[in-house]
1. Which of the aspartates and glutamates could a cross-linker bridge to A:Lys15, judged by Cα under 16 Å and excluding same-chain residues fewer than eight apart?
2. What FRET efficiency comes out for the pair B:Ser7/B:Asp69, r = Cβ-Cβ distance, R0 = 25 Å, nearest 0.05?
3. At a probe radius of 1.4 Å, what is the per-residue accessible area of B:Tyr62, in Å² to the nearest 10?
4. For A:Thr115 and B:Lys17, what is the calculated FRET efficiency with R₀ set at 41 Å and r taken between the beta-carbons, to the nearest 0.05?
5. Count charges around A:Ala67 for me, please; just the other residues with Cβ under 9 Å from its Cβ, Lys/Arg as +1, Asp/Glu as -1.
6. Starting from the Cα of B:Gln113, move 7 Å in the Cα-to-Cβ direction to define the label point; list residues of the range B:8-23 whose amide nitrogen is under 14 Å from there.
7. Using only protein heavy atoms and a 1.4 Å probe, report how much of A:Leu117 is accessible, in Å² to the nearest 10.
8. Mind listing the lone cysteines of chain B, meaning no other Cys beta-carbon sits under 4.7 Å from theirs?
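The values are calculated or read from the model by the stated rules, or taken from the named source; none is laboratory data. All values reported here derive from a predicted model rather than from experimental measurement. We place every Cβ from the backbone using ideal geometry, glycine too, and count neighbours over all the protein chains shown. Remember, those area values only see protein heavy atoms, side chains included, never the ligands or the DNA or RNA. Shrake-Rupley method; radii C 1.70, N 1.55, O 1.52, S 1.80 Å.
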Amino acid sequence: EAGVTQFPSHSVIEKGQTVTLRCDPISGHDNLYWYRRVMGKEIKFLLHFVKESKQDESGMPNNRFLAERTGGTYSTLKVQPAELEDSGVYFCASSPSTLGQRYNEQFFGPGTRLTVL
Amino acid sequence: KNQVEQSPQSLIILEGKNCTLQCNYTVSPFSNLRWYKQDTGRGPVSLTIMTFSENTKSNGRYTATLDADTKQSSLHITASQLSDSASYICVVAGMDTGRRALTFGSGTRLQVQP
């Protein structure tokens with residue numbers, strides 16, 4: 001079974017440009033999460049999808065970030081326009097439906113390293 | 001504010017030796033605590049998950065403990081191997097209604113030397 005995949009693995013852009021990150025969760029996983037780690041800091045939550053709906057987007061830093069999950073399969077995270085402080089590693093994770101589960105084990109992708117110059 | 005603190009920040013040990021990593025948290029209300037291993041250039045991979053009622057859980061040479069009263073956890077690695085070199089991240093899940101996000105520690109970077 002394929003794990004969570006993310007594309008691209010690296011992206012280098014200039015300040016003011018737009019970048020779109022993609023995440024393909026494990027097939028059948030309803031829950032999809034975006035996290036990011038900025039230099040020297042811990043990984044932080046950005047938002048959570050349940051299927052195509054945004055369950056929690058309280059971690060999104062500002063309105064330059066837009067996440068979508070049309071059709072409830074893959075998700076994209078667009079940064080427009082990018083700023084220097086957006087540099088970091090963006091992780092995606094997915095988990096199956098949590099109904100009847102004690103906890104939701106999240107499976108992480110390898111991340112996209114974004115560098116804004 | 002929910003926080004997860006880990007110590008030490010980094011650790012160097014010789015192959016075959018044991019080590020213990022520490023995690024203190026202030027996440028409340030508490031749901032579960034996880035230890036993840038993150039190899040360089042990879043995403044975090046779950047090692048153990050413990051709920052409030054569990055105070056120890058093993059996964060091969062990895063043994064995690066949890067004291068929910070003192071809000072402390074440890075990860076013990078036995079007979080370390082070169083492949084154990086990685087960052088180990090303590091992650092705590094709260095029980096906020098409808099929210100399943102995780103609070104991450106900054107990690108302990110472990111280097112196992114031959």
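1. Straight-distance partners of A:Lys15: A:Glu83, A:Glu85, A:Asp86.
2. 0.80
3. Roll a 1.4 Å probe over it and B:Tyr62 shows about 20 Å².
4. FRET efficiency, A:Thr115 to B:Lys17: 0.65.
5. Residues near A:Ala67 contribute +1 overall.
6. From the range B:8-23, the list is B:11-17.
7. Solvent-accessible area, nearest 10 Å²: 120 Å².
8. B:Cys19
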